[in-house]
Amino acid sequence: MSNSESREDESKEEDKDNEANKLLQHQSSSSSDNEEEVAYENGDKITIVDFDYVDGDEDSNVTPPFSWKKLWVFTGPGFLMSIAFLDPGNLEGDLQAGAIAGYSLLWLLMWATVMGLLIQLLSARVGVATGRHLAELCRDEYPNWARYVLWFMAELALIGADIQEVIGSAIAIQILSHGVLPLWAGVLITASDCFFFLFLENYGVRKLEAAFAVLIATMGLSFAWMFADTKPNGKELLMGILLPRLSSKTIRQAVGVVGCVIMPHNVFLHSALVQSRKIDPHKKGRVQEAINYYSIESSAALFVSFMINLFVTTVFAKGFYGTKQAKSIGLVNAGQYLEEKYGGGLVPILYIWGIGLLAAGQSSTITGTYAGQFIMGGFLNLRLKKWLRALITRSFAIVPTIIVAIVFNTSESSLDILNEWLNVLQSMQIPFALIPLLTMVSNEQIMGTFRIGPVLERVAWTVAALIMVINGYLLFDFVISEVKGLLFGFVVCSCTAAYVAFIIYLVSRSGALPSSWVNRLPKGFSLTKN
């Protein structure tokens with residue numbers, strides 16, 4: 001063999017070695033990528049026991065028949081999701097709607113819950129069909145600059161919701177401690193409780209779901225007890241649900257009812273929670289089965305949340321509609337007004353209210369922490385342990401909340417104004433959760449055969465547009481009444497222009513606009529990915 005031939009052989013061997021090393025590096029990096037950010041590790045997922053088939057005896061494209069046992073196994077994520085419909089911000093919207101509008105907005109509460117259910121079913125569908133949650137999908141779908149903007153907006157919405165939830169829980173602790181514990185102490189207690197529940201997750205997802213079931217049951221029993229004590233008018237209640245009524249005096253409360261139901265962080269959360277069950281994405285029948293069970297479970301969970309919201313609204317409608325206190329009542333003084341109106345009894349209504357409010361605040365704070373972990377991990381693909389990511393997520397909300405608690409501890413009116421600002425902050429973020437969700441669930445490349453059909457797509461976009469318009473009205477009304485001064489007005493107008501431009505950009509990428517419209521958009525709205 002010549003020297004040149006031997007050198008060629010050696011170079012070929014080196015090339016093979018280099019290719020093998022590159023392949024090994026790629027495999028190791030891909031495996032580490034898999035370990036970087038997943039909603040649930042395989043070992044943490046609940047295995048779905050098959051009650052209908054023997055191994056190897058099923059058609060993977062056929063959906064197995066309905067089973068009550070399987071429904072029970074799938075029950076859990078929907079109830080965790082429903083807690084966002086029961087947080088202290090929702091309860092404040094309920095009590096103000098009841099005190100100012102009486103029974104007249106119950107129909108709107110029902111239909112707002114139905115709209116919320118549709119959005120959450122689509123979120124669950126994305127999570128089950130793709131095996132990834134919405135924040136992860138956004139990371140791949142949008143260019144880096146848009147991804148970071150979406151992450152920032154989601155974090156803002158989460159911080160706003162978290163402040164309301166923690167403050168609500170702190171108010172409940174203050175009530176139940178006879179005022180011994182100030183608001184800031186309640187904030188610290190609520191923050192530490194969150195880590196107890198995260199620790200509970202180490203014993204299994206079902207243990208955590210059971211703990212949340214206890215909190216929801218506590219809310220249900222507390223507010224049902226109040227409902228029974230106050231004896232609302234059954235005829236007016238039924239008319240309020242079945243007969244749509246809206247007057248100029250109750251528009252703000254109506255907007256508040258709808259605005260409180262759709263929480264931006266909850267859209268991201270539900271798509272991750274459904275992955276706690278082990279489902280083979282390659283078996284279409286199994287994916288469809290999971291979607292069916294999650295649809296039933298989510299519907300049942302939101303029916304329970306609707307009944308709890310109904311109890312709160314009707315209690316305050318019966319006690320305070322048409323009274324002098326109606327316009328001044330809020331989350332801070334609601335317990336005091338209830339005590340003055342209904343007095344003691346076997347169990348004083350003040351403490352019943354405090355227990356229900358505490359359960360609402362604690363549960364929603366913990367689900368907010370979960371949402372924060374999924375949002376941060378999904379958008380940024382962080383290589384962090386769960387407890388560390390939870391600590392960072394908690395700090396984002398707890399630090400400003402403690403400042404709020406100290407500053408507003410003695411001022412009920414200031415706390416109510418802050419709550420209005422927080423509601424507006426969350427309303428602004430609604431499009432940045434709904435538009436990406438509808439973009440993903442309508443995309444055949446992402447969803448495959450599980451993309452929604454054209455009729456459901458139109459209905460979903462109509463509901464999303466309606467929700468965004470209603471929240472836009474709340475934003476516009478708030479800006480008109482609160483923004484004063486030329487400089488502040490200029491800043492608000494500039495931010496509004498950028499805000500609207502980004503929404504147009506997201507819609508242009510969604511495929512919802514006709515192609516002739518998209519072609520007329522400026523070059524800055526290019527649909528190409530980075």
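The values are calculated or read from the model by the stated rules, or taken from the named source; none is laboratory data. Everything numeric in this text was worked out from a predicted model, so none of it was measured. Using ideal geometry, Cβ is built from the backbone for each residue, glycine included, and neighbour counts are taken over all protein chains shown. Remember, those area values only see protein heavy atoms, side chains included, never the ligands or the DNA or RNA. Shrake-Rupley method; radii C 1.70, N 1.55, O 1.52, S 1.80 Å.
Which entries in the list Lys249/Lys484; Lys69/Lys278; Lys235/Lys318; Lys235/Lys327 go over 22 Å, if you measure between the two C-alpha atoms of each?
Violating the 22 Å Cα-Cα cut-off are Lys249/Lys484; Lys235/Lys327.
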(message) Need one word for region 172-314: rounded, prolate or oblate. Basis is the Cα gyration tensor (sqrt eigenvalues a ≥ b ≥ c); a/c below 1.5 gives rounded, then a/b vs b/c decides.
(response) oblate
(message) Need one number: convex hull volume per residue for region 321-380, Cα atoms only, in Å³.
(response) 103
(request) Take peptides 106-112, 436-442, 491-497 and line them up by average Cβ neighbours within 10 Å, highest first, as a rough protection proxy. (result) 436-442, 106-112, 491-497
(request) Heavy atoms only, probe 1.4 angstrom, no DNA, RNA or ligands counted: give me Lys70, Lys324 ranked by accessible area, highest first. (result) Lys324, Lys70
(request) Equivalent ellipsoid semi-axes for region 170-247, as square roots of 5 times the alpha carbon gyration tensor eigenvalues: give them largest first, rounded to whole Å. (result) 34, 21, 12
(message) Starting from 0.36 nm per residue, how many nanometres of slack lie between Tyr499 and Asp140 once their C-alpha separation is accounted for?
(response) 127.0 nm
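Which of the peptides 264-275, 117-128 is most tightly packed, and how do the rest follow, going by the mean number of other Cβ atoms within 10 Å of each residue?
264-275, 117-128
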(message) How long are the semi-axes of the equivalent ellipsoid of region 251-343, taking √(5λ) for every eigenvalue λ of the Cα gyration tensor, in whole Å from largest down?
(response) 41, 13, 11
(message) Can you give me the solvent accessible area of Met263 with a 1.4 Å probe, rounded to the nearest 10 Å²?
(response) 10
